[in-house]
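Have a look at the structure below, then the notes.
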Amino acid sequence: MPVSAKICGLSTAETLDAAVAGGASHVGFVFFPPSPRHVTIEQAAALAQRVPAHVGRVGVFVDPEDALLDQAIRAGRLDAIQLHRVTPARAASIGSRTRLPVWGAVAVKTRADLDGANALRGAVQRVLYDAKVPEDAKLPGGMGLRFDWSLLQDFAHPLPWALSGGLDPANVAEAVSISGARLVDVSSGVESASGIKDAGKIASFLKTVASL
Ligand SMILES: O=C(O)c1ccccc1NCC(=O)[C@H](O)[C@H](O)COP(=O)(O)O
């Protein structure tokens with residue numbers, strides 16, 4: 001089965017186009033002002049117009065209020081909502097209200113953390129396994145941190161899932177081989193500086209993914 005890729009945290013037309021041209025299955029727009037990848041509602045609207053119908057537009061949120069979700073969904077023409085730092089009940093409520101598929105981020109460092117995925121059963125449509133960040137971190141993702149991919153090997157995944165956290169063009173093949181992921185997500189691993197996506201790195205990442 002082929003491997004698909006989501007390029008997260010896109011904020012310029014040039015790098016969005018690189019993701020689409022390289023064959024990304026999904027693109028991610030971050031709606032979280034503390035992030036260096038944050039896009040305004042206006043930026044999201046302009047970027048969304050460039051995304052062809054076969055590529056999914058995923059809005060990335062941290063414990064969002066309904067008003068932000070509604071604005072972002074409309075402007076960004078979102079196909080899915082990725083949630084960080086929300087309870088399963090809140091994730092389910094967002095899914096019911098917006099009628100969009102919800103991806104729930106699960107922060108992983110140890111095997112026990114995978115229980116977070118079981119807790120999301122019935123509340124979200126996909127789990128995004130991401131690396132756990134330090135407690136005082138400003139952001140819950142996009143930190144270039146990875147976790148032990150072998151933790152996923154013998155796990156009975158309760159939902160469709162994606163692998164995230166610290167992936168880059170050089171390690172994504174190994175990550176897929178070890179974890180068995182069929183959808184991978186990358187952000188800082190295709191950047192030249194914090195929040196600055198690099199079209200060449202995006203192309204390289206997607207070329208490798210397409211070869212798997
Ligand atoms: O990337 C951000 O700035 C961000 C901010 C707030 C919430 C989530 C965020 N990113 C979520 C993602 O899906 C990232 O792609 C994921 O954490 C992997 O990031 P990286 O390790 O840098 O590839």
Item to check | Matching residues, segment 57-73, being within 15 Å of the ligand (Cβ to nearest atom) and open to solvent by less than 40 Å² (accessible area, probe 1.4 Å) | outcome: Arg57, Val58, Gly59, Val60, Phe61, Val62, Pro64, Leu69, Ala72
Item to check | Condition broken by Trp149, with the remaining ones in (1) near the ligand (Cβ under 8 Å from one of its atoms); (2) touching a Ser or Thr at 6+ places or on another chain (Cβ under 8 Å) satisfied | outcome: (1)
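Given the residues Gly104, Gly76, Gly141, which is the only one that is at pLDDT below 95, crowded, with 21+ Cβ neighbours inside 10 Å and within 16 Å of the ligand (Cβ to nearest atom)? Outline the logic, then answer.
Numbers: Gly104 fails: at pLDDT below 95; Gly76 fails: at pLDDT below 95.
Within the list Gly104, Gly76, Gly141, the selection yields Gly141.
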Checklist entry - Would you pick out the residues in segment 187-200 that are out of contact with any strand residue (DSSP E or B) (no Cβ under 6 Å at 6 or more places or on another chain) and either outside any helix (DSSP H, G or I) or away from the ligand (no atom under 11 Å from the Cβ) (or both)? => result Ser187, Ser192, Ala193, Ser194, Gly195, Ile196, Ala199, Gly200
Item to check | From His38, His54, residue being open to solvent by 50 Å² or more (accessible area, probe 1.4 Å), in contact with a strand residue (DSSP E or B) (Cβ under 8 Å, 6 or more places away or on another chain) and either away from the ligand (no atom under 16 Å from the Cβ) or in contact (Cβ under 8 Å) with a residue 12 or more places away in the chain (or both) | outcome: His38
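Identify all residues within segment 177-197 that are surrounded by 18 or more Cβ atoms within 10 Å (Cβ to Cβ) and over 16 Å from the mean Cα position of the chain (by Cα); write none if there are none. Spell out the reasoning first.
Within segment 177-197, the first condition is being surrounded by 18 or more Cβ atoms within 10 Å (Cβ to Cβ), and the residues that meet it are 179, 181, 183-191, 197.
Listed by number, the list holds a single entry, Ser179.
The values are calculated or read from the model by the stated rules, or taken from the named source; none is laboratory data. Since the model is a prediction, treat every value here as computed from it, not as a measurement. Glycine also receives a Cβ, built like all others from the backbone with ideal geometry; neighbour counts cover every protein chain displayed. What goes into the accessible areas is simple: the full protein's heavy atoms, side chains included, and nothing from ligands, DNA or RNA. Shrake-Rupley method; radii C 1.70, N 1.55, O 1.52, S 1.80 Å.
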